[in-house]
Amino acid sequence: MSEVAPWRWWPAWRCARSSGRLFFQVVGSFAECERNVITERTSGGRKEKARKGGYAGGRAPLGYTATRGARRLSLHEEGAAAVRRTFELAAEGGSKRGIAARLNAEGRRTAEGKEFCHVQVARILSRRDVHAGAHRYGGVAPERGEQPAILQA
């Protein structure tokens, strides 16, 4: 049997009746409930993984590489060097645009291989805890850090 959307086999005249509308509302409510259950389970599992110190998924921050199925991030040395240099330049009092210009002049690139801009520098600087090895997910702090640190805390 081929897949057919419910509204294709349900005659339009039945939707005009209150019982037809009720049917679709009930089916829609069950679908919404199931979607919410899946979301809660996924989010809960990721928060638990983060609480135990694992990497909960998503795009890896600059300086790290995420391997599918791995519990930990691994260091990407070229990106890690760019992160360290960003914090060094910030400690010297450089502006975000100035830091981006220096990183580009030194030949450093983002994870996508593009030149840095002030927004990326701001993102790096705002995530010091992440680069110190304390990765959070959904506000959940790990009990013990299992991610390698680029910066000393």
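In segment 1-24, what residues are modelled with pLDDT of 65 or more, part of a helix (DSSP H, G or I) and either exposed (fewer than 10 other Cβ atoms within 10 Å of the Cβ) or small (Gly, Ala, Ser) (or both)?
Passing the criteria: SER18, SER19, GLY20.
Working carefully through the options THR86, THR67, find the one that is surrounded by 13 or more Cβ atoms within 10 Å (Cβ to Cβ) and of a type in the set (S, T, N, Q).
Step by step, each of THR86, THR67 is checked, and only THR86 is surrounded by 13 or more Cβ atoms within 10 Å (Cβ to Cβ) and of a type in the set (S, T, N, Q).
Within segment 119-138, can one find any residue that is over 16 Å from PRO61 (Cβ atoms) and without any contact (Cβ under 8 Å) to a residue 12 or more places away in the chain?
Within segment 119-138, none of the residues are over 16 Å from PRO61 (Cβ atoms) and without any contact (Cβ under 8 Å) to a residue 12 or more places away in the chain.
Going through segment 34-62 one residue at a time, which ones are loosely packed, with under 11 Cβ neighbours inside 10 Å and touching a strand residue (DSSP E or B) at 6+ places or on another chain (Cβ under 9 Å)?
Residues satisfying the conditions are GLY58, ARG59.
So, in segment 59-76, how many residues would count as being under 18 Å from ARG123 (Cβ atoms) and part of a loop (DSSP other than H, G, I, E, B)?
6
Among the residues of segment 107-118, count how many are part of a loop (DSSP other than H, G, I, E, B) and either over 18 Å from ARG59 (Cβ atoms) or within 15 Å of the chain's Cα centre (by Cα) (or both).
Within segment 107-118, residues that are part of a loop (DSSP other than H, G, I, E, B) and either over 18 Å from ARG59 (Cβ atoms) or within 15 Å of the chain's Cα centre (by Cα) (or both) number 4.
Residues that are within 19 Å of GLN152 (Cα to Cα), in contact (Cβ under 8 Å) with a residue 40 or more places away in the chain, in contact with an Asp or Glu (Cβ under 8 Å, 6 or more places away or on another chain) and among the charged types (D, E, K, R): does segment 67-75 have at least one?
yes
Report yes if some residue within segment 80-94 is outside any helix (DSSP H, G or I) and within 14 Å of ALA132 (Cα to Cα); otherwise report no.
no
The values are calculated or read from the model by the stated rules, or taken from the named source; none is laboratory data. Given the structure is predicted, the values throughout are model-derived calculations rather than measurements. With ideal geometry, Cβ positions are generated from the backbone for all residues, glycine too; neighbour counts draw on all protein chains shown.
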